[in-house]
1. Does K107 count as out of contact with any helix residue (DSSP H, G or I) (no Cβ under 9 Å at 6 or more places or on another chain) and either modelled with pLDDT under 95 or surrounded by fewer than 21 Cβ atoms within 10 Å (Cβ to Cβ) (or both)?
2. Just checking, how many residues over region 69-127 are more than 10 Å from ligand 1 (Cβ to nearest atom) and either touching a Pro at 6+ places or on another chain (Cβ under 8 Å) or of a type outside the set (S, T, Y) (or both)?
3. I'm trying to understand the selection: among the residues of region 165-181, which are open to solvent by less than 70 Å² (accessible area, probe 1.4 Å) and within 15 Å of ligand 1 (Cβ to nearest atom)?
4. Looking at (1) open to solvent by less than 40 Å² (accessible area, probe 1.4 Å); (2) outside any helix (DSSP H, G or I), can you tell me which one T204 breaks?
5. What number of residues in region 120-156 are acidic (D, E), assigned to a helix (DSSP H, G or I) and either in contact with a His (Cβ under 8 Å, 6 or more places away or on another chain) or touching a residue at least 60 places away in the same chain (Cβ under 8 Å) (or both)?
6. What tally of residues in region 195-233 results from selecting those that are farther than 16 Å from A66 by Cα and of a type in the set (S, T, N, Q)?
7. From the list K156, K199, K139, K163, which one is over 18 Å from R122 (Cα atoms), among the charged types (D, E, K, R) and away from ligand 2 (no atom under 16 Å from the Cβ)?
8. Being more than 14 Å from ligand 2 (Cβ to nearest atom), closer than 24 Å to T158 by Cα and open to solvent by 30 Å² or more (accessible area, probe 1.4 Å) is the requirement here; does A93 meet it?
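The values are calculated or read from the model by the stated rules, or taken from the named source; none is laboratory data. Here the structure is a predicted model, which is why all the values come from computation and not from measurement. Cβ placement follows ideal geometry from the backbone for every residue including glycine, while neighbour counts extend to all protein chains displayed. Ligands, DNA and RNA are stripped out before the accessible areas are found, and what is left, the full protein with its side chains, is counted by its heavy atoms. Shrake-Rupley method; radii C 1.70, N 1.55, O 1.52, S 1.80 Å.
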Amino acid sequence: MPDKDCDYHKGTRPTFNLSFCPFSLGIFLGTAVLVALNRRQSQRNSSEDETLPTCQVVFVLGGPGAGKGTQCELVTQHQPGWSHLSAGDLLRAERQRGGELGDTINKCIADGRLVPSKVTCRLLEKGMHEVYAKSGGTKFLIDGFPRSQGNAEAWKDTMSHHKVEFVLFLDCPEEVMIGRLLERGQTSGRNDDNMQVIKKRFETFELETAPIVDWYDQQGKVKRVSADKGQEDVYADVAALFETL
Ligand code: C5P
Ligand code: MG
């Protein structure tokens with residue numbers, strides 16, 4: 001027995017089978033709206049891209065536990081106009097949103113490996129837009145990025161018009177960094193602050209990050225600060241670098 005809701009067009013309109021009943025039409029229209037919204041969102045994003053002026057950027061690198069986040073916070077407290085964007089924090093926030101991307105991010109973080117560069121770079125780009133839209137800020141400390149050649153290439157693809165002032169490298173002996181991470185692990189709740197993942201994070205640092213630091217070094221872009229001391233003492237050296245900007 002045919003569904004009469006679908007059958008009434010018979011003879012006057014092309015014959016639809018059951019999969020084209022009004023219910024299916026609803027799904028079709030719903031999908032079309034989603035596609036349109038998606039398209040509008042991406043158009044909005046690209047117009048946002050045009051409105052972000054050339055920004056001043058300092059990349060902040062160093063091994064896990066070198067104190068990148070701590071120093072960035074001190075810079076934002078004492079140096080007017082600078083904002084802090086942590087690649088790791090942005091990835092953890094994105095992971096919280098769940099979904100397939102959240103799963104991918106979690107897998108990489110829990111394994112001490114790097115998340116696909118395009119994902120990280122896009123989050124940074126979005127973060128810069130948000131800061132600019134909110135406060136007009138155009139000076140960014142980008143913490144934990146670029147951590148690999150892939151990260152640097154992703155940056156070059158979409159963000160190369162910004163001015164990278166220098167790469168701040170926080171130099172710290174491995175045993176000091178491990179001690180800090182294990183201590184932080186007691187309260188951080190992070191699933192990568194444990195010895196098993198810490199080892200992998202150091203492997204990733206040696207394999208992926210050290211070569212990119214060398215590469216920036218060859219271009220005279222790296223400013224090294226010894227990070228094996230109290231945070232205020234490290235900051236005194238960091239602050240001196242910002243005086244020159
Ligand atoms: O810098 P942070 O220690 O917060 O990074 C935590 C983790 O986030 C890294 O071990 C890595 O899995 C991921 N990450 C990444 N790419 C970056 C920065 C962080 O994949 N550029
Ligand atoms: Mg950090």
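1. Values: out of contact with any helix residue (DSSP H, G or I) (no Cβ under 9 Å at 6 or more places or on another chain): yes; either modelled with pLDDT under 95 or surrounded by fewer than 21 Cβ atoms within 10 Å (Cβ to Cβ) (or both): yes.
Spelling it out, K107 is indeed out of contact with any helix residue (DSSP H, G or I) (no Cβ under 9 Å at 6 or more places or on another chain) and either modelled with pLDDT under 95 or surrounded by fewer than 21 Cβ atoms within 10 Å (Cβ to Cβ) (or both).
2. Of the residues in region 69-127, the ones more than 10 Å from ligand 1 (Cβ to nearest atom) are 70-85, 93-94, 96-104, 118, 122, 125-127.
The next check asks that each one be either touching a Pro at 6+ places or on another chain (Cβ under 8 Å) or of a type outside the set (S, T, Y) (or both); those that pass are 71-75, 77-82, 84-85, 93-94, 96-104, 118, 122, 125-127.
The number of residues fulfilling the criteria is 29.
3. If the condition is that a residue be open to solvent by less than 70 Å² (accessible area, probe 1.4 Å) and within 15 Å of ligand 1 (Cβ to nearest atom), then V167, L168, F169, L170, C172, M177, I178, L181 are the ones that fit.
4. Every listed condition holds for T204 apart from (2).
5. Initial filter on region 120-156 (acidic (D, E)): 125, 130, 143, 153.
Adding the requirement that they be assigned to a helix (DSSP H, G or I) leaves 125, 130, 153.
Now narrow it down to the ones that are either in contact with a His (Cβ under 8 Å, 6 or more places away or on another chain) or touching a residue at least 60 places away in the same chain (Cβ under 8 Å) (or both): 125.
Result for region 120-156: 1.
6. Residues that pass the stated criteria total 3.
7. Details: K156 fails: over 18 Å from R122 (Cα atoms); K139 fails: over 18 Å from R122 (Cα atoms); K163 fails: over 18 Å from R122 (Cα atoms).
Every option except K199 fails the conditions.
8. Working: more than 14 Å from ligand 2 (Cβ to nearest atom): no; closer than 24 Å to T158 by Cα: yes; open to solvent by 30 Å² or more (accessible area, probe 1.4 Å): yes.
For A93, the condition - more than 14 Å from ligand 2 (Cβ to nearest atom), closer than 24 Å to T158 by Cα and open to solvent by 30 Å² or more (accessible area, probe 1.4 Å) - is not met.
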